[in-house]
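The values are calculated or read from the model by the stated rules, or taken from the named source; none is laboratory data. Computed from a prediction, not measured in an experiment: that's the story for all the values here. We place every Cβ from the backbone using ideal geometry, glycine too, and count neighbours over all the protein chains shown. Note: areas computed on protein heavy atoms with side chains; ligands, DNA, RNA excluded. Shrake-Rupley method; radii C 1.70, N 1.55, O 1.52, S 1.80 Å.
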Amino acid sequence: MKTSTFCCFVMSSIFALPVFSQTVNGNVHARDLIISSETMHVHFDKDIYLPGETIWFKAYLYNLNEISFSSTNFYAAVYDEKGKLIGQKQYPILEGTCNGDFKIPDSIPGSRLQFRVFTKAMIINDSNNIYERVLTVYNKEDQDNVKINKSVTLQFFPEGGQMIEELQNYVAFKAVYPDGSPAMVRGQIIEAGWNKVIDSFVTNNMGFGKFILIPQPHKTYMAVWKDETGNAKQTQLPKINSYGVSFHTEIINKELQYTIAKNRTSDSLSLLHLLAQMGNYRVYKADLVVPNEMEMSTGRFSIDSMPAGLLQLTLFDKDWNPLQERLMFIGEANITKQLSVNRDTINTNPKGKNTIEIVLPDTMFTNLSVSIADINFYKQPNSNSISQDLLFNRQLKGLGQNLDLLLSSANNNAIDLVTLAHPWKKYDWQKAIDKNEVKPELLDNYISLSVTYKDKNFALPKDDALNIVIKNKGMGRQIYNLKPISQTTFRKTDLIFFDSVKVSYQMDKNKELTDYFTISKEDTLPIPTSVNALPVKIGYSVLKQGATDNDLEPFFATTAHKKFNDVQTIKGVVVKSKYKPNPELARIDELDKFYTNGMFSGTVRGYQLNVIDDPQAEAINNLQDYIRYRVPGLRVYDGFFGVRETVITSRNGKMAVVDTIIRLLIFIDELDVTEDAMAISMLSMWNVAYVKYIPGIVIGGTFRTSNGAIYIYTKKGTEKGLPSKGLPFVYVRGYDSQKEFISPDYSDKDLLKQPDLRTTLYWNPNVILDKTNNKVKIEYNNNDISKKLLLTIEGVNEKGKLIHVEKIIE
């Protein structure tokens, strides 16, 4: 074959793309297109949790190698295996990051949670473009329900998506078990009907491989192969087109080189177009002339200035109909190698204190999150590191393997196999634009308040202004003087406050107009109350599952689990944080001290509801619904709170399973009203101040239960801050409070005597390094039983460079 080299390409800054009317490959569904360029990674403190633990997380917002500043509001929700909403949160986004937490109920069905988060920038054009992660909750009883499936699937992926007869085609293949784990297979490619061996193949340790095939006209090809157990199988290769163009690409010395050949002479193939995209942005465009059939034509362009990530290449015919399409990974220098982790103080004793120093010899502002957790809680290498999440997982479908070693080693050939051997979500080439033409747009602006003048017969005085006063328990008093934005409306954006705040308002001059105002928080994005249930868990190895059970058993033993919950709520624990005390928790303690007495007092466990400060409370007429919608796992049976208990009995020598509903104890102002069915329904929400629910064992002077109790407290009439004469006001719900990670202070000798079964030993979502402080020391104490820990550091610097470090501590 003759080879002709050409460089007939034109940079995207010169030519604008025409308007297209075709769809990629003619049949790409909207769900398979990526429309929004904002993406996200979430760093969790660990990969598997016990019931009753807290999920700690930090999210990083990203947009094509840059920190994303398009959104200010972060929406998060957790669902159970069946898709039922367990809890939801809304947090502010600061510097392109957001941290938060979720408390897992002590009793939860199943062993998986669905964690789903999004921003307005992510879903503005595609409601399905959210970040999803399935988190494991260790449930010993649920482990026997895993469906074991040892079958292996072998798939073939022609480079570019189409195989063309008589031309050289590169074909990647992938062998996996049903749970996505790699499988080892070997076999031969044969010409069907004649059993003629064309080539042999074998997978690497990641389950991938590649071969070259030149199909002949009117021939079909079959793969004959065996898996690790020796089972023989056959798989037909993908369809071979009799007409078209082959397409092969490689990265060599910071250049992307491509080779094109056509097997027929046709006017539609006389001129080809090559388009390269990252995100929805056009980074390269070329108009290519392929002279003769069966000749290989090559071209190249520099990728040296391109950001790290997946590059989508689409080859079109003369009329902009797509012919071939593939992904290429563009790497970059890894600043992770510059970060060093040094163990200053090493103490392997139970509760022993350790010190680690993190150093980054870089002057750029760098935002990190750091976790230290028990290594036994990791069933397999994490496939959701910040680099893999932001550079691969969003686009490649079903990528369940860890690529960190490949990324750190810059093994282009191995990474190329990964991109070739996976189905992937495509960027919409019909909407490709120049990034230089895009102006940054802020899609929301934290919390926004609107004040509307209700008297439609008159306009607001032009020479007057509205004063609003926001009284926040944690942040003090904030005063704003607003000019009207229209004849009837004032508006204030860019507000950040947590929990419920009191907002008072009054006109500067025309104070009599105040009675004609309504004040409200502008709508935020809704969170679905339910999602699709998770599919049945599939495992391929009994040994793999059993090993995990053995590792977790010491933590989950009945006595140990109770002690673990006690330790989590021990009163002697001291919060070590540079942040201000949590105003929401402080308010709960204040209410508990004001309303409760003796054995009824305390907030060491359970759920506490601040009703008196909740602006939504007065809008709800049913106290029972108010409680159950705010307490995960609480159920109502036949009009009363209760728990379902399953008892196995023997009757006449036969075993029977009986479901029994047991009522929870109910107290109103510390009087037992459990048997009074009308007690709760008779209460007005306006009179209720404080509610708390204690699950499990509750012991009092005259009562004892193992099923939990609910305590309801009504207003005394002497509360501070109750409505009084003065400025009109409303209560407005703000962001959810961001809890602080609690570390035990073992300078307290009494605390040393308590058992310590924490599985997360350290969590800090806000470790900041810059030119004035490029090192930081972290301190943590061992628990009583862990022998091996995992230190994880993730983050991003101001230039969008990603950091991911994992180190085992023994």
Has the range 266-281 got any residue that is of a type in the set (A, V, I, L, M, F, W, C), open to solvent by less than 30 Å² (accessible area, probe 1.4 Å) and at pLDDT below 90?
yes
Anything in the range 387-436 that is among the hydrophobic types (A, V, I, L, M, F, W, C) and out of contact with any Ser or Thr (no Cβ under 9 Å at 6 or more places or on another chain)? List them, or say none.
Leu391, Leu405, Leu406, Ala410, Ala414, Ile415, Leu417, Val418, Leu420, Ala421, Trp424, Ile433
Does Pro440 count as over 30 Å from Phe208 (Cβ atoms) and at pLDDT below 75?
yes
If you check Ser246, Ser302, Ser242, which single one turns out to be open to solvent by 60 Å² or more (accessible area, probe 1.4 Å), at pLDDT 90 or above, of a type outside the set (Asp, Glu) and in contact with a Leu (Cβ under 9 Å, 6 or more places away or on another chain)?
Ser302
Which of the residues that make up the range 211-224 are within 21 Å of Phe247 (Cα to Cα) and either touching a Lys or Arg at 6+ places or on another chain (Cβ under 8 Å) or buried (at least 18 other Cβ atoms within 10 Å of the Cβ) (or both)?
Leu213, Pro215, Tyr221
Does Arg326 meet the test of being farther than 20 Å from Gly800 by Cβ, touching a residue at least 60 places away in the same chain (Cβ under 8 Å), among the basic types (Lys, Arg) and open to solvent by 10 Å² or more (accessible area, probe 1.4 Å)?
no
Is there any pair linking a residue in the range 501-526 that is over 11 Å from Asp464 (Cβ atoms) to one that is surrounded by 14 or more Cβ atoms within 10 Å (Cβ to Cβ) and charged (D, E, K, R), with Cβ under 6 Å and at least six apart or on different chains, and which?
Lys502/Lys471
Checking Ser681 against (1) more than 16 Å from Arg628 (Cα to Cα); (2) in a loop (DSSP other than H, G, I, E, B); (3) over 35 Å from the mean Cα position of the chain (by Cα), which test does it fail?
(1)
For Leu665, indicate whether it is at pLDDT 80 or above and open to solvent by less than 50 Å² (accessible area, probe 1.4 Å).
yes
How about the range 53-73: which of its residues are more than 27 Å from Thr759 (Cα to Cα) and either open to solvent by less than 10 Å² (accessible area, probe 1.4 Å) or of a type outside the set (Asp, Glu) (or both)?
Leu61, Tyr62, Asn63, Leu64, Asn65, Ile67, Ser68, Phe69, Ser70, Ser71, Thr72, Asn73
Of all residues in the range 66-77, which are of a type in the set (A, V, I, L, M) and touching a Lys or Arg at 6+ places or on another chain (Cβ under 8 Å)?
Ala76, Ala77
Scan the range 54-69 and report the pairs whose first residue is in contact (Cβ under 8 Å) with a residue 12 or more places away in the chain and whose second residue is of a type in the set (Val, Ile, Thr) and open to solvent by 20 Å² or more (accessible area, probe 1.4 Å), with Cβ atoms within less than 7 Å and a gap of 6+ or a chain change.
Leu61/Ile67
Condition met for Met206 (surrounded by 14 or more Cβ atoms within 10 Å (Cβ to Cβ) and touching a helix residue (DSSP H, G or I) at 6+ places or on another chain (Cβ under 9 Å)):
yes
Based on this model, can you work out whether Ile433 counts as farther than 30 Å from Asp179 by Cα, at pLDDT below 75 and hydrophobic (A, V, I, L, M, F, W, C)?
yes
Candidate set from the range 578-623 (those that are more than 22 Å from Val501 (Cα to Cα), surrounded by fewer than 19 Cβ atoms within 10 Å (Cβ to Cβ) and under 32 Å from the mean Cα position of the chain (by Cα)); member that is modelled with the lowest pLDDT:
Lys578
List every residue pair whose Cβ atoms sit under 6 Å apart, with the two residues 6 or more apart in sequence or on different chains, where the first one lies in the range 94-111 and is in a loop (DSSP other than H, G, I, E, B) and the second, anywhere, is open to solvent by less than 10 Å² (accessible area, probe 1.4 Å) and among the hydroxyl-bearing types (Ser, Thr, Tyr).
Gly96/Ser68; Ile104/Tyr49
What's the number of the only condition in (1) open to solvent by 30 Å² or more (accessible area, probe 1.4 Å); (2) at pLDDT 85 or above; (3) within 40 Å of the chain's Cα centre (by Cα) that Glu332 fails to meet?
(2)
Please give the number of the condition Tyr79 fails out of (1) modelled with pLDDT under 90; (2) open to solvent by less than 60 Å² (accessible area, probe 1.4 Å); (3) over 20 Å from Gln395 (Cα atoms).
(1)
